[in-house]
Amino acid sequence: MSLDEFLKKYYITMNIRDIEKIEDKNIATIKMKYSKLVQEAFLDEKGIPDSKLEKVVDEIKLKEKDELINYYKSMQS
């Protein structure tokens, strides 16, 4: 599987049930970690104003993508 195919498969928004169905537990762990961070950001109304929420979520998603890419590269070694 190419990196593009890998990202198309895993760098998407998934609910908890979809994440739990991922066979590779390392990928599932990465997805769960960032899913929880996004959820926490949405719930942190006092710490993150609405005007900055989109930026915070985008930063979380970028970190998720970086971690998925690093995992993909480690699988190729």
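Each value in this text was obtained by applying a stated rule to the coordinates, not by laboratory testing. What you see is a predicted model; the values in this text were computed from it and never measured. Cβ coordinates were reconstructed from backbone atoms using ideal geometry, including for glycine residues, and neighbour counts include every protein chain displayed.
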In order through segment 6-23: 3J(HN,Hα) via Karplus (6.51 cos²θ - 1.76 cosθ + 1.60), integer Hz, x for Gly, Pro | 4, 5, 4, 7, 10, 8, 9, 6, 10, 8, 4, 4, 5, 5, 5, 7, 5, 5
Stretched out fully, how many nm does the piece from Asn15 to Lys61 gain, at 0.36 nm a residue minus the Cα gap?
-> 15.1 nm
What size of dipole, in debye to the nearest 20, comes out for the chain about its Cα centre when the only charges are +1 on Lys and Arg C-beta atoms and -1 on Asp and Glu C-beta atoms?
-> 140 debye
Taking Cα atoms, the helix 25-43 axis meets the longest principal axis of the chain at an angle in degrees (rounded to 10) of 10 degrees
Using 1/(1 + (r/R0)^6) with R0 = 30 angstrom and r between the beta carbons of Glu40 and Ser2, what's the FRET efficiency to the nearest 0.05?
-> 0.40
List the trypsin sites (Lys or Arg not before Pro) within the chain that fall in a DSSP loop (any state other than H, G, I, E or B) and whose Cβ has at most 10 other Cβ atoms within 10 Å.
-> Lys21, Lys46
Kindly write out, for segment 50-66 in residue order, the coupling ³J(HN,Hα) from the Karplus curve 6.51 cos²θ - 1.76 cosθ + 1.60 (θ = phi - 60°), rounded to whole Hz, with x marking Gly and Pro.
-> 3, 5, 10, 4, 4, 5, 4, 5, 4, 5, 4, 5, 5, 5, 4, 4, 4
Percentage relative contact order, segment 3-76, counting C-alpha pairs under 8 Å, at least six apart | 43 percent
Write out the GluC sites (Glu not before Pro) in segment 1-58 meeting two conditions: DSSP loop, and at most 16 other Cβ atoms within 10 Å of their Cβ.
-> Glu23, Glu45
